[in-house]
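Take a look at the structure set out below.
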Amino acid sequence: MLKRDGIAVKRLLVVFGLSLVAGSSLMLLPASGEDNLKRKMDRFAPIELKVDLTSLPKAEQSALAKLIQAAQVMDRIYLRQVWPGNPALAARLEKDKSPRGQEIWQYFQINRGPWSELDGGEPFVSGVPATRPPGANYYPEDMSKEEFDTFANSLPEAERQKATGFFYTIRRAPGGGNRLTTVPYSDEYRQELREASELLKQAAGLTQTPSLKSYLEKRAAAFQSNDYYESDVAWLELDSPIDVTIGPYETYMDELFGYKAAFEAFVGLRDEAESRKLALLTQHLQEIENNLPIDPRYRNPKLGALAPIRVIDEIIVGGEARKGVQTAAFNLPNDERVIREKGSKRVMLRNVQEAKFQKILVPISKIAVASEPRSLVNFEAFFTHILAHELMHGLGPHDIEVNGRKTSVREEMKELYSAFEEAKADISGLFALQYLIDHRLLNLDRLSEPAIYATYLAGVFRSVRFGINEAHGRGMALQFNFLMDEGAIAQDPSNGTFRVDVKKMKAATTKLTGQILTIQAQGDYAKAKELLDRLAVIRPAMQQTLDKFGDLPVDIRPVFTTANQVAAGK
Ligand code: ZN
């Protein structure tokens, strides 16, 4: 369940997720279009992404330089995928050196097109369509859904699968009247993919890490053959200091059908310290499960294997990953066949999360959190809680029995499932950290209980800011109001800030964890609904605080400092 963590959605724009796009109160800016461009841009706080490469052997550094170039090829493909007019428009905007022209060019680069993502996709360049074509540049602009369906249904099964598959565009056949035809990505983007393929092969020749070499060779072949299966499997097995994800992945931009994949790249360095911490947390999961505050018969005596999680520091991204709100974690692949046979993998971008923490969470905490707990808010506590959140999705009840009937929590909770499950992961994540601290299994300076609670409190406001229509925000509102009602969080009437009572917090965290897990174990939809209806709301004290956030940035605008240095041969 990513996506702030929303794993339910394939890619989690962790923390600062898709919910933004769904229209929440925070991005309401007066006026529209070309006005306020500066203000629109300032919603993305600039930050330099620097990664220390000194521990990386020379051969890996040389491979990295090739991968950075390959990521940039993804930029060019993606530009074409958005809209047919995009490459020519980009070339024109880049040439306009007037201050106004440069501003537009900059904002175009953030959005990777002339439509502003945070403003419901409204255009900020004159002379372009009022909205991005819903089928992007995957289908002919004049094609209707009905026309496509008729076409696809007329095809033999193998051909129909291509037409509705990830890696084929739909075009009008040349000289074939108005007939639709299916074009493999390897033909559609032939020149770019040849170039990317060549760079991946060169990187594969340089690296001394076998799993990286294998992934790069297989992905280079996939770019030419259009068959991504082997390279998706090799990606799952990737275990290397340089971590790379490159190719066509997410299908969000295909708003017609959700079939077609956009090209993107993530290139990063494995974070050894966080990987060790993750291993430590993982080691104690069964013990935490055995001590969950629920009736012992609801506990799982033997946890299954968990999907692997990798923690990396981002060096550069390319293609769709460069656009708008920056991805802080993702879960891939999307190919159901690969998932069924080999599973999936989660990648967490530690330094991106840290940038968001510094630029957004810290300013939020200055407004919402009382001064004494605020001094304890820190990134280590923030990130460790996110790791705990992700791991806790794997604990607690999943397959359950209701009146002798075998079923699952997901089935019984229906439309409440996501918000309830996100609330569970958050609060039981706190419970897990408490448990580890109590049993002296987690000894880190900045991870005291008061620091974890203070940081969690600031995080509540960050999540709720995106609105309670989205699972994470809704789950957070539930927790916040429960903790308020228990006296674990209290508001200072003199200035409206909030603080936590550590002792009550501990008890209330355990209590809420127990309540949610028991409702899940019993598949009790009515109780879940009662809890959400009563508590997953924005009460006036919360609303007044949200109103004070005003112009605080919504996301970050990374400058890839280390990548630029590597590319320049420094
Ligand atoms: Zn989650």
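Suppose we filter 251, 245 for residues that are outside any helix (DSSP H, G or I) and modelled with pLDDT of 95 or more; which single one remains? Residue meeting the stated conditions: 245.
Pull up the range 260-286, narrow it to residues that are in contact with a helix residue (DSSP H, G or I) (Cβ under 8 Å, 6 or more places away or on another chain) and part of a helix (DSSP H, G or I), then point me to the one that is nearest to residue 322 (Cα to Cα). Within the range 260-286, the match that is nearest to residue 322 (Cα to Cα) is 274. For the range 122-134, the set of residues classified as surrounded by 16 or more Cβ atoms within 10 Å (Cβ to Cβ) and either acidic (Asp, Glu) or touching a strand residue (DSSP E or B) at 6+ places or on another chain (Cβ under 9 Å) (or both) consists of 123, 124, 125, 128, 132, listed by residue number. Within the range 478-512, if we keep just the residues that are part of a helix (DSSP H, G or I) and in contact with a Pro (Cβ under 8 Å, 6 or more places away or on another chain), the residue that is farthest from the ligand (Cβ to nearest atom) turns out to be 502. Given the criteria in contact with a helix residue (DSSP H, G or I) (Cβ under 9 Å, 6 or more places away or on another chain), surrounded by fewer than 18 Cβ atoms within 10 Å (Cβ to Cβ) and closer than 19 Å to residue 265 by Cβ, does residue 197 qualify? Spelling it out, it is not the case that residue 197 is in contact with a helix residue (DSSP H, G or I) (Cβ under 9 Å, 6 or more places away or on another chain), surrounded by fewer than 18 Cβ atoms within 10 Å (Cβ to Cβ) and closer than 19 Å to residue 265 by Cβ. Taken over the range 500-517, the criterion of being among the charged types (D, E, K, R) and touching a strand residue (DSSP E or B) at 6+ places or on another chain (Cβ under 8 Å) is satisfied by 501 alone. With respect to (1) buried (at least 20 other Cβ atoms within 10 Å of the Cβ); (2) closer than 23 Å to residue 298 by Cβ; (3) more than 13 Å from the ligand (Cβ to nearest atom), the lone exception for residue 475 is condition (3).
Residue by residue, here is whether (1) in a loop (DSSP other than H, G, I, E, B); (2) closer than 20 Å to residue 83 by Cβ; (3) touching a Cys at 6+ places or on another chain (Cβ under 9 Å) holds:
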site	(1), (2), (3)
127	yes, yes, no
139	yes, yes, no
147	no, yes, no
175	yes, no, no
183	no, yes, no
186	no, no, no
191	no, yes, no
203	no, no, no
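With respect to being more than 29 Å from the chain's Cα centre (by Cα) and of a type in the set (A, V, I, L, M), residue 490 fits the description.
Just so you know, in the range 209-263 the residues that are closer than 20 Å to residue 310 by Cβ and in contact with a Phe, Trp or Tyr (Cβ under 6 Å, 6 or more places away or on another chain) include one that is surrounded by the most Cβ atoms within 10 Å (Cβ to Cβ), and it is 215. Just one of the listed residues (93, 118) is in a helix (DSSP H, G or I), open to solvent by less than 70 Å² (accessible area, probe 1.4 Å) and modelled with pLDDT under 95, namely 118. Among strands (runs of 3 or more DSSP E) entirely within the range 324-430, having at least 2 residues that are among the aliphatic types (A, V, I, L, M) singles out 329-332, 345-349, 399-402. Please work out which residue is nearest to the chain's Cα centre (by Cα), limiting yourself to the range 412-459 and to residues that are free of Cβ contacts under 8 Å to residues at least 60 places away in the same chain and within 16 Å of the ligand (Cβ to nearest atom). Per the criteria, the residue is 426.
Checking every residue in the range 307-315 against the condition of being within 28 Å of residue 511 (Cα to Cα), open to solvent by less than 10 Å² (accessible area, probe 1.4 Å) and not hydrophobic (A, V, I, L, M, F, W, C) gives zero matches.
The values are calculated or read from the model by the stated rules, or taken from the named source; none is laboratory data. Note that the structure is a prediction, hence the values are computed from the model and not measured. So basically every Cβ, Gly included, is an ideal-geometry build from the backbone, and we count neighbours across all protein chains shown. Accessible surface is based on the protein model in full, side chains and every heavy atom, while ligands, DNA and RNA are left aside. Shrake-Rupley method; radii C 1.70, N 1.55, O 1.52, S 1.80 Å.
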